[in-house]
Amino acid sequence: MPLSVAVQMDPIDAINPLGDSSFALMLEAQARGHALHYYTPSTLAQRGNTVTARVHKVSVDDKEKGLHFALEDWQKTDLADFDVILLRQDPPFDMNYITTTHMLELVHPKTLVVNHPREVRNAPEKILVTSFPELMPETLITRDESEIRAFRAEFKDIILKPLFGNGGAGVFRIREGDENLGSLLEMFNANFREPFMVQRYLPEVRQGDKRIILVDGVPVAGLNRIPAEGEARSNMHVGGRPELSELTAREREICEIIGPELKKRDLIFVGIDVIGGYLTEINVTSPTGIREVKRFGGPDIAVMIWDAIETRR
């Protein structure tokens with residue numbers, strides 16, 4: 001049965017269609033005959049309990065950037081009129097992002113929002129993961145400089161990153177004796193109001209930072225991302241080299257532990273990051289990796305996600 005689908009995302013003209021997971025989900029929705037629509041978060045409006053947006057009908061085509069979509073003129077539309085909304089704008093996970101989850105919660109579950117807006121709000125990538133301390137490397141969340149210096153003194157080699165950052169932005173490796181720590185903390189204090197995340201550096205990252213994608217709490221694929229030479233981060237947009245990778249016994253154990261909690265929270269599409277057998281992040285806002293997994297010969301995860309959505313509808 002065809003569904004009426006809207007995608008809340010960043011401007012569609014700016015995405016890279018060859019690597020964008022939101023675009024992959026749109027292609028699959030269109031292939032299934034669903035009526036496809038698109039809008040940006042900036043057009044959301046709430047009056048009473050009614051939430052509207054400036055919504056375009058959209059068609060998508062698996063072509064290069066600039067040829068990948070066509071829009072009809074926008075119409076102000078009550079979001080409760082849709083069967084499904086995909087919550088797909090990228091972080092930063094700031095008050096603007098949080099506000100959109102409150103607004104979308106007014107139409108969910110009559111309109112199925114994926115992922116669940118309340119659970120997205122309550123599960124920031126670097127906060128939800130702390131529910132599983134036994135799976136993580138040693139981790140500290142604080143703004144207190146003395147605590148951070150004591151943590152480095154204990155573990156010698158650390159990673160410092162913004163608590164609500166994304167895509168590897170603002171991630172620093174600080175070794176024992178590095179005299180830049182004080183200046184770096186000054187910069188973090190000037191730019192971020194939240195606490196920072198500090199973790200023991202995992203040298204195993206040189207063998208890769210694995211993104212494991214779970215659909216409805218079940219692992220479906222692993223994509224290992226190997227840092228470029230001279231780079232501490234493995235994110236693909238900063239030069240990380242991706243390769244399809246079978247899950248190890250330890251990685252399957254991690255998924256078995258966290259999977260029931262993800263399913264309980266109705267988080268359909270989740271990407272977790274694992275380094276050297278340690279869980280480092282649980283990504284629920286706008287996970288990526290669908291197109292890369294398929295390109296390297298893995299399963300079509302967009303199909304799996306839409307199967308899960310259609311089961312709920």
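The values are calculated or read from the model by the stated rules, or taken from the named source; none is laboratory data. No experiment lies behind these values; they were computed from the predicted model shown. Cβ coordinates were reconstructed from backbone atoms using ideal geometry, including for glycine residues, and neighbour counts include every protein chain displayed. For accessibility, only protein heavy atoms count, side chains too; no ligands or nucleic acids. Shrake-Rupley method; radii C 1.70, N 1.55, O 1.52, S 1.80 Å.
Computed values, structure above
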| read-out | value |
| --- | --- |
| Protection proxy ranking of 290-297, 90-97 - average other beta-carbon atoms within 10 Å, highest first | 290-297, 90-97 |
| Net charge of Cβ neighbours under 9 Å - reference Ile275; Lys, Arg +1; Asp, Glu -1 | -2 |
| Separation of alpha-carbon centers, segment 171-199 and segment 34-111, rounded to whole Å | 36 |
| Segment 5-19 - phi-based ³J(HN,Hα) in whole Hz, Karplus 6.51/-1.76/1.60, Gly and Pro as x | 10, 10, 10, 8, 8, 5, x, 5, 6, 9, 6, 9, x, 6, x |
| DSSP beta bridges in segment 1-148 [antiparallel fraction, %, rounded to 5] | 50 |
| With Cα atoms, 0 to 90° folded angle of helix 249-264 axis to the chain main axis | 50 |
| Computed P(r) (all Cα pairs; segment 151-307; 5 Å bins; percent) | 2, 9, 17, 20, 19, 15, 9, 6, 3, 1, 0 |
| Overall dimensions of the chain as given by Cα atoms, namely Rg and Dmax in Å | 19.9, 62 |
| Packing rank of 155-165, 57-67, where each peptide gets the mean count of other beta carbons within 10 Å, highest leading | 155-165, 57-67 |
| Per residue Cα convex hull volume in Å³ - calculated over segment 1-160 | 157 |
| Computed [θ] at 222 nm, deg cm²/dmol, the chain (DSSP H ≥ 4; -39,500 (n - 2.57); rounded to nearest 500) | -8000 deg cm²/dmol |
| Rg(Cα) / (2.2 N^0.38 Å) computed for segment 137-239, rounded to two decimals | 1.16 |
| Sequence ranges 37-43, 190-196, ranked by mean other-Cβ count within 10 angstrom, highest first | 37-43, 190-196 |
| Reduced Cα scattering model of segment 261-300, Debye log10 I(q)/I(0), q = 0.21, 0.23, 0.27, 0.34 Å⁻¹ | -0.81, -0.90, -0.99, -1.02 |
| Between 0 and 90°, nearest 10: helix 181-191 axis offset from the chain longest Cα axis | 30 |
| Solvent-accessible area, 1.4 Å probe, carbon plus sulfur percent, for the chain | 49 |
| Relative contact order [Cα under 8 Å, 6+ residues apart], the chain, whole percent | 18 |
| Average accessible surface area per residue within the chain, 1.4 Å rolling probe, Å² | 46 |
| Calculated from backbone phi, Karplus (6.51, -1.76, 1.60) coupling profile of segment 78-86 in Hz, x at Gly/Pro | 6, 5, 5, 6, 8, 7, 9, 10, 8 |
